[in-house]
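Okay, handing you the structure first.
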Amino acid sequence: MKVLTKQVNMWINNQEVHSGDFYEIKDPGRHTDIVANVAKGTIENADHAVRAAHEAYLSWREMSVSERIQKVLTAIEQLEQSMPELCPLASREHGGLLSEAQTDFGYGVGGTQATAGIAEAYLAPQVFENESAIVEVHKKPRGVFIAIVPWNYPVSITMMKLAPGLISGNTAVVKPSPNSPAALTMALQRMAKVLPPGVINVVNGDGDVAKVLTTHPLVTKISFTGGTETAKHVMAAAASSIKKLTLELGGNDAAIILDDVNANRIMPDLVKGIFSRAGQICFAVKRVYVPQTIYRTFSNTLCEYVNEIKVGHGLDERSTMGAINNQAQYQLVKNLIDQSKRSNATVFELGKKVQPEEWDNGYYILPTVVRDIEHTADLSCNEQFGPVIPLIPYQSVEQAIEMANDSMYGLGSSVWSSDVDRAAEVARQVEAGFTFVNGHSIDKIDIRMPFGGVKQSGMGREFTEFGISEYIEPHAIRIR
Ligand code: NDP
């Protein structure tokens, strides 16, 4: 085995910390390579991090908003400068393409700059005055917040929390996922160094660490991105002291294809929406509803495009799709494909293997299209979070909308048509946090769109003023 990088420690009060116990991070695209050894925290480390964040909060909250914005923008320069060194590491520990790691860092930088651009106006106190009353409304920070993040886009998801949280005067303890902690931890160390000690802390760890962080009396807020089942545990822990929650959870995004669509024109964007990051995106297209009248020709065209995908190691320039991040996710996706093969559905395993001889040394899955599948099948109803897509036929647009909304999830969604107005009319009837017309991928995210889901896809929003509002507590003062 090759050790490709040095040990990555936790970060508490602007110092590197380790407990002597480490996670060995292997490359999901080449199991024989160890990518990093990342320090694993203890309950003492978790408590220390929260206390350091609380100590820092007492002076951080006293700074003006503009001063905090300047400091956060200086920190984000560190993130940007770290990209050439850390993106290859991020790609290796995740299993995704180098370009996807660059997108992750790039959105972290861009999202923070966008939040910085609107924060000062939003956080300014409001004053209402007439003959009978003077009322001031101040937007106060809440204190220490915990940012719990998943492995799929670790940097941008962390920055969606840190940017509004820190700028509004709170301080943070970040808990990365053990499935991609190294590049994120190193990036946060560089950002934290240019901020006062304790403003950003990073603690890795298992369930006991998560329990300390989510129940600690000095923690006032938890911002969690991850699976819906995990979120239920986080909610239960937060209940112990009524902590405020922002939850960005799973999705089962529907793409509704209308019958006037130009299949060849939309296919590059649709394929990107389904298979980018090997489908491991919370708002990836996870089920496609196709009119019965064009079902056969549409699915043939989709298969032709999907067949061009080249699956291989994330740092191999020939690859257009990388590996699955971890064993559990790999097995879940494999099981859904096997189950579809045993049903009446038709399964097409497409694409090409970049290095066939390395295939079994990574969590690789060929991009797979499942045709003639029911809306009620497991693959249609559950979040696959991987490179397999069900194509479900429909008879009428009303039926397509009904099936799209027949889900416990409601994160993203999309409607595809040659008539944008017709598509927008359908989009307005979809139950989701956001709906795109003729697109459904990360480059369709507009920073002016509040990001988050309805139903069991979460609560609260990120980005925009809605995102900042998750980190403040209004304080109303009636003076007269
Ligand atoms: P998980 O829910 O398994 O884990 C998310 C994070 O929560 C990890 O850091 C995990 O750490 C931690 N965690 C696990 N148990 C607890 C607990 N009891 N208390 C506190 N923290 C805990 O999600 P994945 O990392 O597997 O990510 C995939 C999921 O995330 C998918 O469902 C996806 O849809 C969703 N997601 C949602 C997004 C959105 O914005 N809506 C964006 C990206 C992903 P550990 O592994 O150490 O337990």
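The values are calculated or read from the model by the stated rules, or taken from the named source; none is laboratory data. The shown structure was predicted, so the numbers you read here are calculated from the model rather than taken from an experiment. Positions of Cβ are backbone-derived with ideal geometry, glycine not excepted, and every protein chain shown enters the neighbour counts. Note: areas computed on protein heavy atoms with side chains; ligands, DNA, RNA excluded. Shrake-Rupley method; radii C 1.70, N 1.55, O 1.52, S 1.80 Å.
For region 360-377, state whether one or more residues are more than 16 Å from the ligand (Cβ to nearest atom), assigned to a loop (DSSP other than H, G, I, E, B), closer than 30 Å to MET459 by Cα and small (Gly, Ala, Ser).
There is at least one residue in region 360-377 that is more than 16 Å from the ligand (Cβ to nearest atom), assigned to a loop (DSSP other than H, G, I, E, B), closer than 30 Å to MET459 by Cα and small (Gly, Ala, Ser).
When you go through ALA56, ALA46, ALA52, ALA39 one by one, which is the residue that is crowded, with 19+ Cβ neighbours inside 10 Å and within 28 Å of GLY117 (Cα to Cα)?
Just one listed residue meets the conditions, ALA56.
Conditions tested, residue by residue: (1) under 27 Å from MET449 (Cα atoms); (2) assigned to a helix (DSSP H, G or I).
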| site | (1), (2) |
| --- | --- |
| VAL35 | no, no |
| GLU44 | no, yes |
| ALA52 | no, yes |
| SER59 | no, yes |
| GLU80 | yes, yes |
| GLU85 | no, yes |
| ALA101 | yes, yes |
| GLY110 | yes, yes |
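Still on this model: Have a look at SER177, SER156 and point out the one that is within 14 Å of the ligand (Cβ to nearest atom), in a helix (DSSP H, G or I), farther than 14 Å from ILE12 by Cα and not aliphatic (A, V, I, L, M).
None of the other options fit; the residue is SER156.
Here is a further query. Would you please list the contacts, defined by Cβ atoms under 8 Å and residues six or more apart or on different chains, that run from a residue in region 171-185 that is among the basic types (Lys, Arg) to a residue that is near the ligand (Cβ under 9 Å from one of its atoms) and open to solvent by 10 Å² or more (accessible area, probe 1.4 Å)?
Sorted first by the residue in region 171-185, then by its partner, the pairs are LYS175/ILE148; LYS175/ALA210.
While we're on this one: Going through ALA116, ALA172, ALA124 one at a time, which residue ends up being farther than 30 Å from PHE275 by Cβ, away from the ligand (no atom under 15 Å from the Cβ), modelled with pLDDT of 95 or more and touching a strand residue (DSSP E or B) at 6+ places or on another chain (Cβ under 9 Å)?
It is ALA124.
Could you check GLU349 against (1) surrounded by fewer than 23 Cβ atoms within 10 Å (Cβ to Cβ); (2) out of contact with any strand residue (DSSP E or B) (no Cβ under 8 Å at 6 or more places or on another chain) and say which number it fails?
(2)
Another question, then. From ARG68, ARG142, grab the single residue that is open to solvent by less than 20 Å² (accessible area, probe 1.4 Å), over 30 Å from GLN7 (Cβ atoms), touching a Phe, Trp or Tyr at 6+ places or on another chain (Cβ under 9 Å) and not acidic (Asp, Glu).
Details: ARG142 fails: open to solvent by less than 20 Å² (accessible area, probe 1.4 Å).
Unique residue meeting the criteria: ARG68.
Related question: Among what's in region 290-304 and is open to solvent by 80 Å² or more (accessible area, probe 1.4 Å) and of a type in the set (Ser, Thr, Tyr), pick the residue that is nearest to the chain's Cα centre (by Cα).
The qualifying residue nearest to the chain's Cα centre (by Cα) is THR297.
While we're looking at this one, here's another question. Of the residues that sit in region 214-229 and are under 15 Å from GLU473 (Cα atoms) and aliphatic (A, V, I, L, M), which one is nearest to the ligand (Cβ to nearest atom)?
ILE222
From LEU332, LEU270, which residue is assigned to a helix (DSSP H, G or I), touching a residue at least 40 places away in the same chain (Cβ under 8 Å), under 27 Å from the mean Cα position of the chain (by Cα) and within 16 Å of the ligand (Cβ to nearest atom)?
Answer to the check: LEU332.
Follow-up question, since we're still on this one. Counting only residues that are aliphatic (A, V, I, L, M) and open to solvent by 10 Å² or more (accessible area, probe 1.4 Å), which one in region 160-193 is nearest to the chain's Cα centre (by Cα)?
For region 160-193, the residue satisfying everything is MET160.
Only one residue in ILE200, ILE242 is of a type in the set (A, V, I, L, M, F, W, C) and at positive phi. Which one?
Values: ILE200 fails: at positive phi.
One residue alone meets the criteria, ILE242.
Residue-wise test of (1) over 30 Å from GLY351 (Cα atoms); (2) more than 19 Å from the chain's Cα centre (by Cα).
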{"site": "THR376", "(1), (2)": "no, yes"}
{"site": "SER396", "(1), (2)": "yes, yes"}
{"site": "ALA400", "(1), (2)": "no, yes"}
{"site": "ARG448", "(1), (2)": "yes, no"}
{"site": "GLY453", "(1), (2)": "yes, no"}
{"site": "GLY460", "(1), (2)": "yes, no"}
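Looking at region 126-141, I want the residues that are of a type in the set (S, T, N, Q) and have a partner that is open to solvent by less than 80 Å² (accessible area, probe 1.4 Å) with Cβ atoms under 8 Å, at least 6 apart or on another chain. Which pairs are those?
GLN126/GLU136; GLN126/VAL137
Follow-up question, since we're still on this one. Just the residues that are within 16 Å of the ligand (Cβ to nearest atom) and either open to solvent by 10 Å² or more (accessible area, probe 1.4 Å) or free of Cβ contacts under 8 Å to residues at least 60 places away in the same chain (or both), please, taken from region 235-267.
Of everything in region 235-267, those that are within 16 Å of the ligand (Cβ to nearest atom) and either open to solvent by 10 Å² or more (accessible area, probe 1.4 Å) or free of Cβ contacts under 8 Å to residues at least 60 places away in the same chain (or both) turn out to be MET235, ALA236, ALA237, ALA238, ALA239, SER240, SER241, LYS243, LYS244, LEU245, LEU249.
Looking at region 194-227, which of its residues are in a loop (DSSP other than H, G, I, E, B) and open to solvent by 30 Å² or more (accessible area, probe 1.4 Å)?
Within region 194-227, VAL194, PRO196, PRO197, ASP206, PRO217, LEU218, GLY227 meet the criteria.
Quick check: is even one residue across region 396-407 of a type in the set (A, V, I, L, M, F, W, C), within 15 Å of the ligand (Cβ to nearest atom) and either open to solvent by less than 10 Å² (accessible area, probe 1.4 Å) or under 23 Å from ARG265 (Cβ atoms) (or both)?
Scanning region 396-407 turns up no residue that is of a type in the set (A, V, I, L, M, F, W, C), within 15 Å of the ligand (Cβ to nearest atom) and either open to solvent by less than 10 Å² (accessible area, probe 1.4 Å) or under 23 Å from ARG265 (Cβ atoms) (or both).
Conditions (1) farther than 26 Å from VAL430 by Cβ; (2) out of contact with any Ser or Thr (no Cβ under 8 Å at 6 or more places or on another chain); (3) assigned to a loop (DSSP other than H, G, I, E, B), marked per residue:
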residue: SER276; (1), (2), (3): no, no, no
residue: VAL288; (1), (2), (3): no, yes, no
residue: THR297; (1), (2), (3): no, yes, no
residue: ASN300; (1), (2), (3): yes, yes, no
residue: TYR305; (1), (2), (3): no, yes, no
